[in-house]
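Data block below; observations after.
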Amino acid sequence: MSLQKLMANYAAFNLWANRTVVQWLQTKPADVLDKEVPSGYSSIAKTLVHIWNTEVFWLLVLQEVSPPPIFKEGFEGTNEEAMNGLLRQSEQFAVYVGSLSEKGLLEMCVLDAPWMSGQLPRYEYIQHCMNHGTYHRGQIITIGRNIGLTDPPMTDYNYYNMVVKSI
């Protein structure tokens, strides 16, 4: 598998996994998304907004556009708006990554953020962003279990490759 196909597949997986989690959450009572628990982000809703915000940031870095300040941390929209925003962002991310050539993936991309600066090949930032989403989807499932949700969906990368893509 080429680097281009691998990265496009990884971004498509991220979109599918986010969609799967959102669809699961949409079957739950609306108030569970706001229940507070001790965690990195204290609720499912806050974790969703963080994933969305991070995908916005990294897509702008990849496109070499000056990222806006982190702007959704104080998000005041509805949980449905947050879920839809995340899915739209994940789709934009997947389309962008799918449009990159092998050369584009290997190009050095500059990161200049308050917490670090440097440069890496574009594909490294893509991989970082997708791993970040996977980590926080795991947090969402853990928060869900802590508030009594017992039927989380499977969002494993191998499951996506071996089962979902073969359907």
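The values are calculated or read from the model by the stated rules, or taken from the named source; none is laboratory data. Keep in mind that this is a model prediction, so the values were computed, not measured. Counting neighbours? That spans all protein chains shown, and the Cβs are built from the backbone with ideal geometry, glycine included. Note: areas computed on protein heavy atoms with side chains; ligands, DNA, RNA excluded. Shrake-Rupley method; radii C 1.70, N 1.55, O 1.52, S 1.80 Å.
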Can you pull out the chymotrypsin sites (Phe, Trp or Tyr not before Pro) in the range 112-167 whose DSSP state is coil and whose Cβ has at most 15 other Cβ atoms within 10 Å? Trp115
Just the accessible area for Lys5, please: 1.4 Å probe, Å², rounded to the nearest 10? 130 Å²
Leaving ligands and nucleic acids out of the surface, order Thr150, Thr134 by accessible area at 1.4 Å, largest first. Thr150, Thr134
For the chain, the count of lysine pairs 8 or more apart or interchain whose alpha-carbon atoms are under 29 Å apart comes to 9
Sorted by accessible area (1.4 Å probe), largest first, how do Arg19, Arg122 line up? Arg19, Arg122
Could you give the longest part of the chain that holds none of the GluC sites (Glu not before Pro) found in DSSP loops with at most 16 neighbouring Cβ atoms within 10 Å? 108-167
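Once you sort the root eigenvalues of the Cα gyration tensor of the range 80-126 as a ≥ b ≥ c, which label holds: rounded (a/c under 1.5), prolate (a/b larger than b/c) or oblate (the other case)? Can you show the working numbers first?
Working: a/c = 4.65, a/b = 1.39, b/c = 3.34.
Because a/c hits 1.5 or more and a/b fails to exceed b/c, the range 80-126 counts as oblate.
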Express the carbon and sulfur contribution to the solvent-accessible surface of the chain as a percent, rounded to the nearest whole number, probe 1.4 angstrom. 55 percent
What full-extension length gain, to one decimal in nm, is calculated for Asp31 and Lys103 as 0.36 nm per residue of separation minus the Cα-Cα distance? 21.3 nm
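Keeping every protein chain present and rolling a 1.4 Å probe, give me the accessible area per residue for the range 1-142 in Å².
On the way: 6930 Å² over 142 residues.
Accessible area per residue: 49 Å².
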Which residues' amide hydrogens lie under 5 Å from the amide hydrogen of Leu111, considering only partners 5 or more residues apart or on another chain, with H built in the peptide plane? Gly118, Gln119, Leu120
For n ≥ 4 DSSP H runs only, could you compute -39500 (n - 2.57) per run for the chain, divide by its residues and tell me the 222 nm figure to the nearest 500? -20000 deg cm²/dmol
Which helices pass in the chain if a helix is a full DSSP H run, must span at least 18 angstrom along its long axis by Cα, and must have mean Kyte-Doolittle hydropathy not below 0.0? 3-25, 44-62
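Determine the shape class of the range 1-88: with a ≥ b ≥ c the square roots of the Cα gyration tensor eigenvalues, call it rounded for a/c under 1.5, and otherwise prolate if a/b is greater than b/c, oblate otherwise. Display every interim value, and only then the final one.
Details: a/c = 2.36, a/b = 1.42, b/c = 1.67.
Judged from the Cα gyration tensor, the range 1-88 comes out oblate (a/c at least 1.5, b/c at or above a/b).
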For the range 114-135 versus the range 8-37, the gap between their alpha-carbon centres in whole angstrom: 21 Å
